[in-house]
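See below for the structure under consideration.
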Amino acid sequence: MSKFRKDDGKELPPISTASLPDIVFMLLFFFMVSTTMREVTLKVRMHIPEATELSKLEKKSLVSYIYIGEPLPMYQSTFGKAPRIQLNDQFATVDEVQDFIIAEREVREEAEQPFMVTSLKIDENTRMSIVGDVKQELRKSAALNINYSSRKRAER
Amino acid sequence: MAKKIPEIPAASLADIAFMLLIFFLVTTTMDVDSGLRRKLPQWVDPAELEEQNNEINERNIFVVLVNKNNDLLVEGDYEQIENLRDRAKEFMANPYNAENLPEKEPVELPYFGQVMVTKGVISLRNDLDTQYGVYLAVQNELVAAINELRDELAKQEFGKAYEDLDSDKQDAIKKIYPLKISEAEPKGKNI
């Protein structure tokens, strides 16, 4: 009698999942393109300070990283709680910075060497003494382009 | 009649793609590397440094000191970091040619003709126990002051933001407001 009751036992057709792979692939490609694999395992904890006058590091291949911060809890029994320098995959002393820079330079082509940048990823609670020492070593090895890694802060 | 080859089932394709997707989701780190760009001065042997002791006039130096308690001393008085940017801007621009602010010298520049360019230098000195976070905030304010001055001049002269200008116009403005931040050796080796 009612006009709207027309379901005579018919089931709803299942939703087609044929396009699901396409959607997932699209997401997949997005992540594949935007991903940067971290080459080093961090052994120090860093809370990067904030700044406003940022510039982006354009060529990833020309950047070498120096990490300074408190060692992660699992290393604290051996290395203590004082901030330490990490180069590549291991803890290092200030004297090793020069060798590190030279090694980094060897890997790059000669034409690109003047454009190399050293990115300093330093915890904001670190004392300046260790930072100053690293800067002196960088000056000695003529790696003058540096970049104090920092996060974007909203403008006041 | 030849038998038709059955179609390859595509139902598992989604699963495979999901697996890859999850792998990339987990390994991805989306940190855009950005930071405050600075250039270190050339290394000079300390022995040679003693000889070339070129005097800079007192009024041409903007002294910023950061002590071990992260207090700021600007040109001899305590200052909050919020005010540092304006102080630095006033110093570098010296709009009224005040006696205590830096001297200017005439320089011939493209696009501007003869302009008075400041001789001011910002001198930054920190203590060995200064926190890196505070040090970077101070650096940031000083760089911001110069950037703001350049931007204001670009807007006034060319009607465009500094970043949108051609590189030779940018160079001309850079000459007028140079980013001269000199960092002295930190003090306080044995407190």
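Consider the range A:101-134 and keep the residues that are of a type in the set (K, R) and more than 16 Å from B:V134 (Cβ to Cβ). The one that is most open to solvent (accessible area, probe 1.4 Å) is A:R105.
Restricted to the range A:48-156, the set of helices (runs of 4 or more DSSP H) holding at least 3 residues that are away from chain B (no Cβ under 11 Å) comprises A:76-79, A:96-107.
Counting only residues that are under 22 Å from B:F158 (Cα atoms) and not in a strand (DSSP E or B), which one in the range B:91-116 is most open to solvent (accessible area, probe 1.4 Å)? Only one residue fits best here, namely B:Y111. If only residues of the range B:129-157 that are outside any helix (DSSP H, G or I) and crowded, with 19+ Cβ neighbours inside 10 Å are counted, the one that is farthest from the other protein chains (Cβ to nearest Cβ) is B:Q131.
The values are calculated or read from the model by the stated rules, or taken from the named source; none is laboratory data. None of the values given here were measured: they were computed from a predicted structure. Here the Cβ is made from the backbone with ideal geometry for all residues, glycine too, and neighbour counts use every protein chain on show. Side chains included, ligands, DNA and RNA excluded: accessible areas come from the protein's heavy atoms. Shrake-Rupley method; radii C 1.70, N 1.55, O 1.52, S 1.80 Å.
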